[in-house]
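Enquirer: Sending over a structure as structure tokens; questions will come in a sec.
The values are calculated or read from the model by the stated rules, or taken from the named source; none is laboratory data. Since the structure is predicted, the reported quantities are computational estimates derived from the model, not experimental observations. All Cβ positions, even for glycine, are placed from backbone atoms using ideal geometry, and neighbour counts span all protein chains on display.
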Amino acid sequence: MKKISLILFGIFLILKVSCFARPIGNITGKNYCSQTEKTTESTVFDFQKFLEIYSSDSIFQLNHVVFPLKYISVDIEDNEEIKMIKKEEWKSLHFKSELETQDREIDGYKQLIEIESDTAKVLIRGIDNGIYIDFIFEKRNKSWFLIEWGDYSN
């Protein structure tokens, strides 16, 4: 009886923390998680908690950006322009909840998250509006840092 209880508890625990059981990021319609085989559940949970704090604490955020930050954008002719953002120029980012973004009449978007063992991408994809933004994070010394911001919107 104890073995059965332990097995059932183990299955429950795996389902509870699995990517299928809870979403990572804010995605329209269904749970989404992109992981490589190297990615562990602790990495996924770690980044999700990090992103919550990063979005709500501007001082924490400032301390978790690698400056100067590489910012890539495209001009009207689709030529890439690279700018380095200095710490003094930084304006806080907020990764919003699904309800705040997808049902907007203007500028609605989906927020997707792709996680590997030591890199994570927050992908902002517009809903019929041309928004296309990538935020790339890297894990350094057991903490996450924003290392690149690409705005390819048209």
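Enquirer: Under 6 Å by Cβ, and 6 or more places apart or on different chains, what pairs join a residue from the range 53-82 that is of a type in the set (Gly, Ala, Ser) with one that is modelled with pLDDT of 95 or more and surrounded by 14 or more Cβ atoms within 10 Å (Cβ to Cβ)?
Expert: That search, which allows pairs on different chains as well, returns SER73/ASP151.
Enquirer: Is it the case that LEU112 is buried (at least 18 other Cβ atoms within 10 Å of the Cβ) and closer than 18 Å to ILE85 by Cβ?
Expert: no
Enquirer: So which residues in the range 51-72 are surrounded by 15 or more Cβ atoms within 10 Å (Cβ to Cβ) and in contact with a Ser or Thr (Cβ under 8 Å, 6 or more places away or on another chain)?
Expert: GLN61, HIS64
Enquirer: With the requirement that a residue be surrounded by fewer than 17 Cβ atoms within 10 Å (Cβ to Cβ), among the β-branched types (Val, Ile, Thr) and at pLDDT below 95, what does the range 125-151 give you?
Expert: ILE127 - this is the single residue of the range 125-151 that is surrounded by fewer than 17 Cβ atoms within 10 Å (Cβ to Cβ), among the β-branched types (Val, Ile, Thr) and at pLDDT below 95.
Quick grid of which residues meet (1) under 20 Å from LEU69 (Cα atoms); (2) of a type outside the set (Lys, Arg); (3) in contact with a helix residue (DSSP H, G or I) (Cβ under 8 Å, 6 or more places away or on another chain):
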{"residue": "ALA120", "(1), (2), (3)": "yes, yes, yes"}
{"residue": "ILE131", "(1), (2), (3)": "no, yes, no"}
{"residue": "ARG140", "(1), (2), (3)": "yes, no, no"}
{"residue": "GLY150", "(1), (2), (3)": "yes, yes, no"}
